[in-house]
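As structure tokens, the structure follows; a few thoughts come after it.
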Amino acid sequence: MQGTEEVNPAVDRGVKIELITSAKRDQPVYKYIKNGLLMRRLIRKGVNVYESHEKILHAKAYIFDDKVMTVGSFNNDRWSWRISNETNVSIRSEYECEKARPFFEDLKTRCHLVNSEIAIGAFRQLRLMFWERFLYISEALMSKTAAFSLRSFWSQSPLSKPSETTIEDN
């Protein structure tokens, strides 16, 4: 996850980090990956991850320190950072952040807190391994800066054992 190098020091300083995502996905690659697996490293580090079961959430919005807000279609993943043409608009205004905060708080009340301890069956585990490797190879082939690493190919997966103290950039 892009930006995770900032999460560790922030959580260590006591910064409260919350994330709201969808339980449902429209992309086949992520359709069978539960948020508990996808966000396991963040959850174990202390980030509260909530998921909405109402509908697919497509907008990407962030509020930082109640001073800066960003809204748009930019996915915070390797594809968007390296390949896609997506964007967010950043707004530096405590007033606008204050107006947006009730929307997030209301949405959060209708969400479920995600648990990182998920048991999965063998078939789903194989499906997850396939999609993780597919994404890795696709990114390595399409990115001008990515170098293929056989070690990363086999070890960096939502199913791999996460470090308890560090969120890896995978």
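The values are calculated or read from the model by the stated rules, or taken from the named source; none is laboratory data. Note that the structure is a prediction, hence the values are computed from the model and not measured. A quick note on method: Cβ atoms are made from the backbone with ideal geometry, for glycine too, and the neighbour counts reach across all protein chains shown. To get the accessible areas, we keep the full protein, side chains included, count just its heavy atoms, and leave off ligands, DNA and RNA. Shrake-Rupley method; radii C 1.70, N 1.55, O 1.52, S 1.80 Å.
If you go through region 89-114 and pick out every residue that is open to solvent by 90 Å² or more (accessible area, probe 1.4 Å) and polar (S, T, N, Q), you end up with 1.
The residues listed here are E5, E86, E54, E117; of these, the one that is acidic (D, E), surrounded by fewer than 16 Cβ atoms within 10 Å (Cβ to Cβ), outside any loop (DSSP other than H, G, I, E, B) and modelled with pLDDT under 90 is E5. Could you list, in sequence order, all residues of region 61-72 that are open to solvent by less than 40 Å² (accessible area, probe 1.4 Å) and out of contact with any helix residue (DSSP H, G or I) (no Cβ under 9 Å at 6 or more places or on another chain)? Within region 61-72, T70, G72 qualify.
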